[in-house]
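Visitor: This is the structure I have questions about; it appears just below.
Every read-out reported here was derived from the displayed coordinates using simple, explicitly stated rules and does not represent laboratory data. Keep in mind that what you see is a predicted model, and the values were worked out from it rather than measured. Note: ideal-geometry Cβ built from the backbone for every residue, glycine included; neighbour counts use all protein chains shown.
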Amino acid sequence: MEEFVTAINDIIWSNALIFMCLGAGLWFTLRTRVMQIRGFAEMCRLTVGGKKSDAGVSSFQALAISMAGRMGIGNIAGVATAIAYGGPGAIFWMWVMGFLGASTSYVESTLAQIYKTKDAEGRYRGGPAYYIEKAMGLKWYALVFAFATIVATGLLLPGVQANAIADSASNVLCSAAGSCDAFGGVGGVKLAIGIAVALLLAAIIFGGIKRIATFAEVVVPFMALAFIVMAIVVMMLNASKVPTMFADIFSSAFGAHAAFGGIIGQAIAWGVKRGIYANEAGQGTGPHAAAAAEVSHPAKQGYVQAFAIYFDTMLVCTSTAFLVLSTGMYNTFRTVRENGKEALEAIYTGVPGLQPSEGAQFTQAAVESVMPGWGAGFVAIALFFFAFTTIMAYYYMAETNLTYVAGTRRTHPLATLLLRLGIVGMVVFGAFHNAKMAWALGDIGVGLMAWLNVVAILILQKPAMLALRDYERQKKLGVDPVFDPEALGIRNADFWVQRKANNGG
């Protein structure tokens with residue numbers, strides 16, 4: 001089974017997907033005239049503004065929900081895994097993907113706002129399935145994305161997050177010999193952690209989008225800032241090693257490093273792969289939350305979601321990278337073939353015994369090396385909040401696509417209940433399952449969504465570009481931009497046409 005899952009993962013995450021994501025980000029950067037630099041001040045201004053309504057959440061709440069989805073174990077374990085497979089150079093390519101991904105996030109999030117709608121209960125809904133149907137007219141393609149997202153975010157991805165929570169917590173709780181015997185060993189502790197996380201998740205997701213938004217609004221900024229501060233402290237304590245760390249990142253990124261130069265291909269592949277996994281630009285997850293925001297112009301939320309990529313990649317993911325690299329607490333392997341099979345050969349060993357799939361433990365070892373006795377516990381707590389809020393956001397994405405499948409009808413209560421029970425069950429299952437298998441299943445989910453969404457937004461980019469130019473034009477006139485799709489020649493943006501009619505426009 002594990003070999004089959006790995007084979008499927010290798011097909012989905014071929015070089016074609018990696019270069020398509022990089023190419024899309026570069027193309028959108030050029031088409032938007034580098035809006036992620038030109039519009040940085042506007043991103044910051046819009047992020048803290050906005051209002052909510054009975055139908056939608058505020059721009060900041062939408063950002064918090066999308067950040068909850070982005071800021072998961074990919075920010076802690078995933079970054080360490082990228083270093084394990086690609087060396088320090090993987091971080092440079094992660095930065096490249098983050099910079100280019102900001103424009104990709106603008107496009108997909110603006111499209112989600114343009115083609116959003118209200119569900120049977122009067123709440124804003126939107127995302128790739130909605131804009132694929134409305135802008136492309138391909139209902140079957142939209143349904144494929146919707147079902148793929150329900151499976152990925154409702155079944156495959158939650159297990160990855162739960163597995164990381166259980167691994168990091170058991171690493172702290174069971175560090176002493178015999179300390180977990182009363183619970184049936186490490187496996188029993190992981191099962192208990194999985195059940196506890198599942199119960200807490202149920203208490204939130206059964207409260208709907210408003211409870212999810214409120215929880216994310218409070219928890220996400222706090223957990224991110226606490227982790228960033230920890231990284232700064234560790235780097236200050238290892239200040240003498242920081243210049244070498246930067247030299248390793250840039251030299252190995254271009255194949256010039258003596259030890260890591262031979263794995264430049266792995267550095268690019270894993271930097272881009274983990275960049276996409278962590279910030280989710282192009283994957284199609286962020287647009288679901290973006291569509292829920294109450295704004296006067298779609299480009300506003302596009303700016304906000306572009307900022308989300310900067311915050312996620314350039315601050316949070318980079319904090320993990322600097323923690324690990326500045327302390328030397330990482331292992332790097334090259335892939336070799338032995339007797340016709342792939343095997344890992346160590347290039348650098350800073351934490352003997354740890355495998356690439358145990359990414360969170362590299363981060364724990366990094367903090368422990370500077371602050372013995374409580375560093376591992378801090379990372380375990382941070383990872384719990386990162387992973388838990390991500391699982392919570394995954395449920396919202398799955399529910400949104402379930403609503404899309406229901407169409408104009410109210411989603412059947414049984415379908416919603418089964419989805420909730422399914423994601424709660426996968427949290428328990430993933431908590432004690434094999435880490436390598438969990439990551440492979442999660443990668444399949446991410447990759448499948450990315451394939452479907454990136455192809456769609458490359459075809460559908462024109463409305464997002466029109467919205468950007470319209471927003472900039474109105475800003476130059478000194479007015480608060482208001483969206484009128486008919487004036488721009490954008491069809492099937494029914495929500496905005498109806499809003500204009502209701503406002504007497």
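Visitor: Can you give the relative contact order of the chain as a percent, counting alpha carbon pairs under 8 Å and 6+ residues apart?
Guide: 34 percent
Visitor: Could the peptides 19-32, 293-306 be put in order, highest first, of the mean number of other beta-carbon atoms found within 10 Å of their residues?
Guide: 293-306, 19-32
Visitor: Enumerate the calculated ³J(HN,Hα) couplings along the range 120-129 in order (Karplus 6.51 cos²θ - 1.76 cosθ + 1.60, θ = phi - 60°), each rounded to whole Hz, writing x wherever the residue is Gly or Pro.
Guide: Going residue by residue, I get 5, 9, x, 9, 5, 9, x, x, x, 4 Hz, with x marking Gly and Pro.
Visitor: How many nm is it between the label spots at ILE228 and ILE459, if each spot is 7 Å from the Cα in line with the beta carbon?
Guide: 3.8 nm
Visitor: Holding the Cα-Cα limit at 21 Å, pick out from LYS134/LYS476; LYS134/LYS462; LYS116/LYS475; LYS273/LYS462; LYS300/LYS462 the pairs that are longer than that.
Guide: Check vs 21 Å cut-off fails for LYS134/LYS476; LYS116/LYS475; LYS273/LYS462.
Visitor: Choose one of ALA90, ALA467, ALA291: the residue whose Cα lies farthest towards the positive end of the charge dipole of the chain (beta-carbon charges +1 Lys, Arg; -1 Asp, Glu; about the Cα centre).
Guide: ALA467
Visitor: Moving to a separate point now. Give the peptides 323-335, 77-89 in descending order of average Cβ contacts within 10 Å, highest first.
Guide: Sorting 323-335, 77-89 by mean packing, highest first, produces 77-89, 323-335.
Visitor: For the chain, build the charge dipole from Cβ charges (+1 Lys, Arg; -1 Asp, Glu) around the Cα centre, then report which of ALA192, VAL336, MET20 sits farthest towards its positive end.
Guide: Of the options given, the answer is MET20.
Visitor: Something else about it: If you place +1 on the Cβ of every Lys and Arg and -1 on the Cβ of every Asp and Glu, how big does the dipole about the Cα centre of the range 2-476 come out, in debye to the nearest 20?
Guide: Here the range 2-476 has a charge dipole of around 1660 debye.
Visitor: Something else now. Under a 5 Å amide H to amide H cut-off, with H placed in plane at 1.01 Å, what residues pair with ILE347 once short-range neighbours are removed?
Guide: Sorted by chain and number, the residues that satisfy this are THR332, PHE333, ARG334.
Visitor: What order do you get for 485-496, 346-357, 396-407 when each peptide is scored by the mean count of other beta carbon atoms within 10 Å, highest first?
Guide: So the peptides 485-496, 346-357, 396-407, ranked by packing, come out 396-407, 485-496, 346-357.
Visitor: Okay, next question. Could you compute Rg(Cα) / (2.2 N^0.38 Å) for the range 282-381, with N its residue count?
Guide: The value comes to 1.53.
Visitor: Please work out whether the range 456-505 counts as rounded, prolate or oblate from its C-alpha gyration tensor, where a ≥ b ≥ c are the square roots of the eigenvalues and a/c under 1.5 means rounded, while otherwise a/b larger than b/c means prolate and anything else oblate?
Guide: It is oblate, given that a/c is not under 1.5 and a/b is not larger than b/c.
Visitor: Would you please classify the overall shape of the range 298-348 from the alpha carbon gyration tensor, given that a ≥ b ≥ c denote the square roots of the eigenvalues, rounded means a/c under 1.5, and beyond that prolate means a/b larger than b/c while oblate covers the rest?
Guide: oblate
Visitor: Might you list the cysteines of the chain that have no disulfide-compatible partner by the rule of another cysteine's Cβ under 4.7 Å?
Guide: Lone cysteines by the Cβ rule: CYS21, CYS44, CYS317.
Visitor: Restricting the count to DSSP beta bridges whose residues both fall in the range 2-476, what percent are antiparallel, rounded to a multiple of 5?
Guide: Given both bridge residues lie in the range 2-476, the antiparallel proportion sits at roughly 90 percent.
Visitor: Report the gain in length on full extension from ARG469 to GLU345: 0.36 nm times residue separation, minus Cα-Cα distance, nm rounded to one decimal.
Guide: Using 0.36 nm per residue and subtracting the Cα-Cα distance, I get 39.5 nm.
Visitor: Can you work out ³J(HN,Hα) from phi for every residue in the range 243-254, in order, using Karplus 6.51 cos²θ - 1.76 cosθ + 1.60 and θ = phi - 60°, giving whole Hz and x for Gly and Pro?
Guide: Taking θ as phi minus 60°, the curve returns x, 5, 4, 5, 4, 5, 4, 6, 5, 6, 5, 10 Hz for the range 243-254.
Visitor: Go through the range 312-322 residue by residue and turn each phi into a ³J(HN,Hα) via Karplus (6.51, -1.76, 1.60, θ = phi - 60°); whole Hz please, and just put x for glycine and proline.
Guide: Whole-Hz 3J(HN,Hα) from phi for the range 312-322: 5, 7, 6, 10, 6, 4, 5, 4, 4, 4, 5.
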